[in-house]
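I have placed the structure first, in the form of structure tokens, so that the comments after it can refer back to it.
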Amino acid sequence: MVNADVRKAVRGRVLEPGDDGFDAARRAWNRTVDQPVAAVVAAEDAEDVAALVRYARRSGLAVTAQAGGHDASGDVEGVILLRTGRLDGVRVRAEERLARVGAGVNWGRVLSAAGPRGLTGLAGSSPVVNVAGYTLGGGLSWFGRRYGWAADSVRAFDAVDADGERTRVTAESDPELFWGLKGGGGDFALVTSLEFDLHPAPSVYGGRVVWPGTRAAEVFETFQTITRDAPPELTVWFGRFAFPGAPPMAALDLTYLGDPREGAALVRGIDGIDGAISDDRGLVAVAGLGGIAAEPTAPAASLPRAELLTGLDEGLATEPIEPLISIQIRHLSGALAGPGGGASGTLDEPYLLQMVGTGPDPDLARAVREKQARFVERFEAVIAGRKPYTLLTPEETAADAFPGPVLARLRELKRSRDPQGVFRANHSVHR
Ligand SMILES: Cc1cc2nc3c(=O)[nH]c(=O)nc-3n(C[C@H](O)[C@H](O)[C@H](O)COP(=O)(O)OP(=O)(O)OC[C@H]3O[C@@H](n4cnc5c(N)ncnc54)[C@H](O)[C@@H]3O)c2cc1C
């Protein structure tokens, strides 16, 4: 039970165990994760966030921020859960190619505001994932091959520090904190809004093509051929699906940031694979980018696991995937392999494997985790051994994402900026 003073300290709604609505308010997007928090506070605005931090500091408590809880780890026992949903402003300044968004805003809203102005932000595959958590963790976008990590497009963070002071963090004002916030997660400050570059997107070509699973080897071979020479504007992802009750399927998802005719020519190899079940390639509205990969937008009992790959292995097209419901291989490289300007750093690995199963049934969950582990063993030769911070599972830690020197620098930043541990990231750099 938190001190009753929290209700006096903030203007936003406070819910504690026993209050009506507490269980709904503390729930994570991923239904397999429990969040045994001490209280949930829905801050009214940035000043309210600062008031909450001052209260937590005085009371020896920790605060964790979540907009949607897409990446909840469950490491929140006794912590105050700050909900940022009311920090919901979105402003696009097209002439400056700049967006300013509150910590509670999701990518779908940014793309809807930027698209009609011929611009895009560096969104990932889902429209319901929030800009703040995604960007603080680096953010792997459809357009990362062209523009790098989403975090590297940030110009400024408005934040609250561990003293409860509001501060604007830029490359000039505080280079070390700016570096850490660009990919190092939510351990160093609470972000109330962020400003980032938008990029020209006068037209985007893309879509999804789906085949019966029997074509998976051919689809994979085409994926290999296209990605070998793809320009940074072209991004292609390979997928296999094994949904219960449905026949197995293989798919390619793609975007090309440029002229649709050029995009279609670059992926002409796809037309040589017979038997497509569906093919919705064409001009894609920026606001529709989140629909390409058709990911669930409602909370789900999801059990994902990600692994960076040093290369491809043909067996990835044929190895049985059940009880997983899907695997996906994303092509990376391009600007992602550059030095970057934040904690996300250089992504040397050219591909990313994602293996997704579902819970919450404990036997099924165990079988999913075992299958993921067996997959990793089977493809050991191309498994890099680390994964992007935004895609860590609850069981994994920051050490699974960052190389040693980067982790050491992040830990030093945590020690110097938050010695009392007022902030608790989902994957703290100290764990
Ligand atoms: C369906 C789906 C698709 C995805 N696709 C991609 C993708 O294409 N590319 C990619 O890189 N990732 C992807 N992810 C991962 C996603 O980026 C992470 O889950 C990200 O952390 C989500 O941010 P959130 O704010 O929605 O989640 P939350 O769980 O609310 O936040 C995650 C963490 O970020 C920190 N945080 C959030 N808000 C703040 C704040 N205001 N101040 C300080 N710290 C804060 C906290 O530590 C928090 O625990 C996907 C996830 C899902 C569920």
Worksheet item: Out of Gly275, Gly206, Gly12, any idea which swings most in a Gaussian network model of the chain, alpha carbons joined below 10 Å?
Response: Gly275
Response to the item:
Ratio for the range 391-431, C-alpha Rg to 2.2 N^0.38 Å, reads 1.14
Worksheet item: Taking the Cα centre of the chain as the origin, how large is its charge dipole in debye, to the nearest 20, when only Lys and Arg (+1) and Asp and Glu (-1) carry charge on their Cβ atoms?
Response: 760
Discussion item. Could you derive backbone 3J(HN,Hα) for the range 355-363 from the dihedral phi with the Karplus parameters 6.51, -1.76 and 1.60 (θ = phi - 60°), listing whole Hz in sequence and x where the residue is Gly or Pro?
Written reply: 10, 10, x, 10, x, x, 4, x, 5
Discussion item. Can I get the semi-axes of the chain's equivalent ellipsoid? Compute them from the C-alpha gyration tensor as square roots of 5 times the eigenvalues, in angstrom, largest first.
Written reply: 36, 24, 20
Worksheet, complete the sentence: Extension length gain for Glu172 and Thr297 (0.36 nm per residue less Cα distance), in nm, is 41.2 nm
Worksheet item: Can you list the HN-Hα couplings for the range 402-408, worked out from phi with the Karplus curve (6.51, -1.76, 1.60; θ = phi - 60°), rounded to whole Hz and with x for Gly and Pro?
Response: 9, x, x, x, 5, 4, 4
Item to complete: State, as an integer percentage, the relative contact order of the range 117-266 based on alpha-carbon contacts under 8 Å between residues 6 or more apart.
Response: 23
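Run the numbers on the chain and let me know its relative contact order in percent, using alpha-carbon pairs under 8 Å that are six or more apart. Numbers along the way, then the final one.
Values: 1040 pairs, mean separation 76.2, N = 431.
The normalised contact order for the chain reaches 18 percent.
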Worksheet item: Counting DSSP beta bridges with both partners in the chain, what percentage is antiparallel, nearest 5?
Response: 85
Worksheet item: Long-range amide H contacts for Asn426: which residues qualify at under 5 Å (H placed 1.01 Å from N, peptide plane, sequence gap of 5 or more or a different chain)?
Response: Gly186
Worksheet item: Ignoring ligands, DNA and RNA, what accessible area per residue does the chain give at 1.4 Å, in Å²?
Response: 39
Worksheet item: Short version: what are the Cα gyration tensor semi-axes of the range 6-83, square root of 5 times each eigenvalue, largest first, in whole Å?
Response: 20, 12, 12
Discussion item. Per residue of the range 70-85, what does 6.51 cos²θ - 1.76 cosθ + 1.60 with θ = phi - 60° give for ³J(HN,Hα)? Whole Hz please, x for Gly and Pro, Karplus curve as stated.
Written reply: 5, 10, 5, 9, x, 7, 9, 4, x, 9, 8, 8, 8, 8, 9, x
Worksheet, complete the sentence: For Arg155, the residues 5 or more places away or on another chain with a placed amide H closer than 5 Å to its own amide H are Glu195, Phe196, Asp197
Worksheet, complete the sentence: Any residue on another chain or 5+ positions along whose placed amide H is under 5 Å from the amide H of Ala276 is listed here as none
Practice prompt. Treat each spin label as a single point 7 Å out from the Cα along the C-beta direction, and report the Asp229 to Arg31 distance in nm.
Written response: 4.7
Worksheet item: How big is the Kirkwood radius of the range 204-391, worked out from every pair of different alpha carbons and given in Å to one decimal?
Response: 17.3
Fill in: Charge context of Ala151, other residues only, Cβ under 13 angstrom, K/R +1, D/E -1
-1
Discussion item. Let me understand the range 61-168 better: what is its radius of gyration from the alpha carbons, and its Dmax, in angstrom?
Written reply: 14.5, 46
Worksheet item: Most fluctuating residue of Asp197, Asp279, Asp187 in a GNM of the chain with Cα springs under 10 Å: which is it?
Response: Asp279
Discussion item. As I understand it, the value is the acute angle between the Cα axis of helix 216-228 and the longest principal axis of the Cα atoms of the chain; what does it come to in degrees, rounded to 10?
Written reply: 70
Discussion item. Need one number: nm distance between label points at Asp313 and Asp279, each 7 Å from Cα along Cα→Cβ, rounded to one decimal.
Written reply: 3.2
Fill in: Relative contact order computed over the range 73-140 (Cα-Cα under 8 Å; 6+ residues apart), in percent
26
Discussion item. Against the 2.2 N^0.38 Å scaling, with N counting residues, where does the range 132-176 land? I'd like the Cα-based Rg ratio to two decimal places.
Written reply: 1.32
Worksheet entry | Computed lengthening from Ala217 to Arg155, 0.36 nm per intervening residue step minus Cα-Cα distance | 18.0 nm
Practice prompt. With a cut-off of 14 Å, note down the residues of the range 335-377 whose backbone N falls inside the zone around a label point 7 Å from the Cα of Glu395 toward its beta carbon.
Written response: 355-359, 362-377
Practice prompt. State the percentage of accessible surface on the range 204-391 attributable to carbon and sulfur atoms; use a 1.4 Å probe and exclude ligands, DNA and RNA.
Written response: 54
Item to complete: Would you mind computing, in nm to one decimal, how far apart the modelled labels at Arg93 and Asp271 are, each placed 7 Å from Cα along Cα→Cβ?
Response: 4.5
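The values are calculated or read from the model by the stated rules, or taken from the named source; none is laboratory data. Computed from a predicted model, the values in this text were never measured in an experiment. All Cβ positions, glycine included, derive from the backbone under ideal geometry; neighbour counts span all protein chains shown. The accessibility values were calculated without ligands, DNA or RNA, using every heavy atom of the protein model including side chains. Shrake-Rupley method; radii C 1.70, N 1.55, O 1.52, S 1.80 Å.
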